[in-house]
Amino acid sequence: MSILQGKRKRQDLASALSASMTNKERVIYNIIRGKKEMGIWQGDIKRETNIPDSILKKSIKLLISKTLIKEVVNIQNKSKKVLMAMEFEPSKEITGGEWYTEGRLDTQLIDALSDVCLKLISRKKIATRDAILEWTRTLGNEVFPGGVSPGQVEQILKVLVMENKLQEVNSTGFGDFSSVPAGEVCFRLAKKVGTNVKVGAMASIPCGVCPRIKFCTPNGIISPTNCQYYQKWLDF
């Protein structure tokens, strides 16, 4: 069943159940459904309808029991759950986005994904975002029960770069970069600061961080033969 078919089925079910509602239940349900993915707080429903507390609470319980609406934790105010029609998924403003589970920051997921990124890059020396994403899928539900998205991998990589644990570079297409097409963005471990290890000439080749690498060809306008940085590296 496709997502669209599933949504239509829920809408048809909601329409069928709506016929059995009281007038007040229908008013409450329509207000909640009208708020879509943002939902609405119970107190706001009361202000809009002037329905007495006892009837409002009873109606909400009945709508929840009929699986027409649900309660969702609002990350901005965890003590105030919002009510939302079952056919909608809460917005990022409500849930906090992919890094939150039931209103809580999933630090375990963040740590696990960071660890996987560093271990894979340490083993392969160079890795792209897509390669890391594919690796997380091979680990299965044991490590990532809900899976991870490309956006989550990208965010973790950016954080690791800002923390000076990784470097974002462009592939040269040879050496350590041979498995990655030239010009494609990839990541490698950052050089340790304060060590006495000397970096060899091959490791310092400027092509890896050149923003024009995609346009560099042997006989093109941009090429190794007329690149001043490449010439300086050769002289080195």
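The values are calculated or read from the model by the stated rules, or taken from the named source; none is laboratory data. Computed from a prediction, not measured in an experiment: that's the story for all the values here. Cβ atoms come from the backbone with ideal geometry, glycine included; neighbour counts cover every protein chain shown.
What residue, among those in segment 55-85 that are among the small types (Gly, Ala, Ser) and loosely packed, with under 14 Cβ neighbours inside 10 Å, is modelled with the highest pLDDT?
Restricting to residues being among the small types (Gly, Ala, Ser) and loosely packed, with under 14 Cβ neighbours inside 10 Å, the top hit is SER65.
Candidates in segment 162-178 are the residues that are of a type outside the set (Asp, Glu) and in contact with a Lys or Arg (Cβ under 8 Å, 6 or more places away or on another chain); of these, the one that is nearest to LEU120 (Cα to Cα) is LEU166. Report whether or not SER59 is free of Cβ contacts under 8 Å to residues at least 12 places away in the same chain and not aliphatic (A, V, I, L, M). Spelling it out, it is not the case that SER59 is free of Cβ contacts under 8 Å to residues at least 12 places away in the same chain and not aliphatic (A, V, I, L, M).
On the given criteria, is SER114 closer than 30 Å to THR22 by Cβ, part of a helix (DSSP H, G or I) and touching a helix residue (DSSP H, G or I) at 6+ places or on another chain (Cβ under 9 Å)? In short, no. Looking only at segment 117-130, residues that are surrounded by 13 or more Cβ atoms within 10 Å (Cβ to Cβ), touching a strand residue (DSSP E or B) at 6+ places or on another chain (Cβ under 8 Å) and not in a loop (DSSP other than H, G, I, E, B) come to 6 in all. Only one entry of LEU139, LEU160, LEU120 meets the criterion of being within 25 Å of GLY96 (Cβ to Cβ) and modelled with pLDDT of 90 or more, and that entry is LEU160.
Only a single criterion out of (1) in a helix (DSSP H, G or I); (2) surrounded by 16 or more Cβ atoms within 10 Å (Cβ to Cβ) is not satisfied by PHE88, namely (1).
Under the condition of being in a strand (DSSP E or B) and either at positive phi or free of Cβ contacts under 8 Å to residues at least 60 places away in the same chain (or both), the residues counted in segment 62-85 number 7. Out of the residues in segment 135-174 meeting the condition of being acidic (Asp, Glu) and not in a helix (DSSP H, G or I), tell me which one is farthest from ASP111 (Cα to Cα). Looking at residues that are acidic (Asp, Glu) and not in a helix (DSSP H, G or I), I get GLU168.
For segment 94-111, residues that are surrounded by fewer than 16 Cβ atoms within 10 Å (Cβ to Cβ) and in a helix (DSSP H, G or I) total 4. Considering segment 133-182, and only residues there that are in contact (Cβ under 8 Å) with a residue 40 or more places away in the chain and hydroxyl-bearing (Ser, Thr, Tyr), the residue that is surrounded by the fewest Cβ atoms within 10 Å (Cβ to Cβ) turns out to be SER149.
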